[in-house]
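Colleague: Just dropping this structure here.
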Amino acid sequence: EAMLLGRPVIVSNYLGNVDFTTHETAYLVEGKMIDIHPGEYVFGEGQQWFDADAEQAAFWMRHCLEEREDVMKKTAAAKKLIETEYSPLAVGKHYEKRLNEIGISLHHE
């Protein structure tokens with residue numbers, strides 16, 4: 001939603017959001033994986049957290065205030081990506097293509 005609204009996005013460079021947040025469309029924050037200890041999370045045994053680098057996140061926040069030209073370039077690219085690849089029409093076309101690939105037609109004769 002923020003990308004569609006032309007707002008700068010600062011996110012962790014980890015898992016699902018990197019499907020649509022790239023170095024061209026968002027400010028990605030690096031980090032490291034840390035083990036979840038007993039009692040920290042329900043059913044967390046053997047799992048890990050992504051621990052984002054707070055200093056890097058703060059850097060990107062300052063950058064967004066100080067480097068307006070870069071922010072405008074990145075937010076324009078982000079908005080374009082969301083409009084072209086993730087709008088209801090674009091997503092519908094992806095679904096239609098996949099349904100056609102597996103032999104399900106949406107068009108009735």
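The values are calculated or read from the model by the stated rules, or taken from the named source; none is laboratory data. Model, not experiment: these values are computed from the prediction. With ideal geometry, Cβ positions are generated from the backbone for all residues, glycine too; neighbour counts draw on all protein chains shown. Heavy atoms of the whole protein, side chains included, go into the accessibility calculation; ligands, DNA and RNA do not. Shrake-Rupley method; radii C 1.70, N 1.55, O 1.52, S 1.80 Å.
Colleague: Return only the number of the condition from (1) open to solvent by less than 70 Å² (accessible area, probe 1.4 Å); (2) outside any helix (DSSP H, G or I) that Val18 does not satisfy.
Modeller: (2)
Colleague: For region 52-65, does any single residue satisfy the condition of being modelled with pLDDT of 95 or more, not aromatic (Phe, Trp, Tyr) and not in a helix (DSSP H, G or I)?
Modeller: Yes, region 52-65 has at least one match.
Colleague: Give the residues of region 21-51 that are in a loop (DSSP other than H, G, I, E, B) and within 20 Å of Asp70 (Cβ to Cβ), sorted by residue number.
Modeller: Across region 21-51, the qualifying residues are Thr21, Thr22, His23, Glu24, Thr25, Ala26, Glu30.
Per-residue answers, yes or no, for (1) hydroxyl-bearing (Ser, Thr, Tyr); (2) without any contact (Cβ under 8 Å) to a residue 24 or more places away in the chain:
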| position | (1), (2) |
| --- | --- |
| Ala52 | no, no |
| Ala57 | no, no |
| Trp60 | no, no |
| Lys80 | no, yes |
| Leu89 | no, yes |
| Leu99 | no, yes |
| Ser105 | yes, yes |
